[in-house]
Amino acid sequence: MRADDGEARDAHDAASGDDMPTVPIPARRAVTTFDAASRRERYEAQPLPERLVRRVVTRAFNTWVKAATRTAKRLDWFPRVDPYVGYGTGDYSRLICRTVYAGEGSEYGRATRGIRGMLAIPSPHTQVKIRIDDVPLETVQVGESERYDAVDARPDLDSEYAISDTSGYLDLVAEQRLEPGVHDVSYRVNGRKPVHAKLFTIPKGAKVGIISDVDDTVLITQAPILWKAAWNLLFLNPDKKASVPGMSVLFTKLADLFPDAPFFYLSTSPWNVEGSIRHFLENHGFPEGPLLLRDLDPRPKTFIPSGPQHKLEFVEQLMADFPDMRFILVGDDGQKDPTTYATVVRRYPGRVLAIAIRQLSPRELMPFGMRNPAGMTATQPMPDTDVPVFTGTTGANIMKTMLPYLKAHLG
């Protein structure tokens, strides 16, 4: 019955096409930073003990996936699309989604605890039909999921659908000029209704963008304390997640100061919990924008990119996507944001306007309410750069010094 429903929808699409013919949008497969590993992180560069550990973890994960897939099929589950918010430059757009097995009545986007997302069963090599503003994509599949491939200027294979990779991920670059603003992207797999996600097309005139970390920068997770971070990420009720005081106000002020500025949110959390984090951002009044998360499915060649490497590679991707844009970088000192942002400034001189670092309190740094050792104020020193760095324990603290500076220099 589900297959019949899918065929009926295809017939309807074809009929609609006859009434109002459209030119398909060309799209290509692009393996971006959540798949790419630096040379030093790749499997062959690791010492023998780590290679053995990686092999054990990868095989254990693959065994779990096979067993979970068999169970899902016995329960008559079938593929569903989890759509993620995309962004575009005007000339092309980046679209990311994931295909997973789910029951017939399941829906993506509900505010659920992270553990449910972490137990999602990937549906590999699944056909997905995609439309942008009701115009179909015509895709070209190039490259492997374990490496980044440059664009093929003369693709020789196209299709009316795209196919997800071995972990269910689908990462595409759609090549069409779109008007600046918010566009609708629909994804459909056979037997299910289309699901929708937003696509933010950044205007060419936008000269400033904001790149922000999520964990302990806008969302309190206490990432330096592993067990607390795991509890907050996996088991805490989404409606009870706490925002860092004053950060949503700071971001709203930045949006007022730079009306065309896009907001990009980086997190070392996995794509599995994208819906939970997006629910939090909407609930607490943060400006809308794409979430750029991490793939935690271990793979033989890339395994799992480290958190700092993941953030650095995504920042570099955004630098390349928007070569005329300067960025404000927002993070915290609980992990390695200061070091990562200092590296960005060094690699891209003149491209960073300012850095804001939220300082974690001693209570957030120490487990089980232990007293703070004398002299311990942060896990990371502030970045040593020529770019102004603004610090504070709350958004209000940072706002007091950063906003006057930005207004004075950019008026």
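No value in this document is a laboratory result; all are computed from the given coordinates. The shown structure was predicted, so the numbers you read here are calculated from the model rather than taken from an experiment. Cβ sites come from the backbone with ideal geometry, for glycine too, and all protein chains shown count toward neighbours.
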Problem - Fully extended contour minus Cα-Cα distance, from D91 to T166, at 0.36 nm per residue - result: 24.1 nm
Fill in the blank from the handout: For 199-205, 329-335, 215-221, ranked highest to lowest by mean beta-carbon neighbours within 10 Å, the order is 329-335, 215-221, 199-205
Handout entry: Pairs from K129/K193; K207/K253; K207/K336 whose Cα-Cα separation, in the structure shown, is over 21 Å
Key = K207/K336
Completion exercise
Extension length gain for V23 and V182 (0.36 nm per residue less Cα distance), in nm, is 55.2 nm
Exercise for the section: Report the label-to-label distance for L403 and N62 in nanometres (one decimal), using points 7 Å from each Cα along the Cα→Cβ vector. Expected result: 5.4 nm
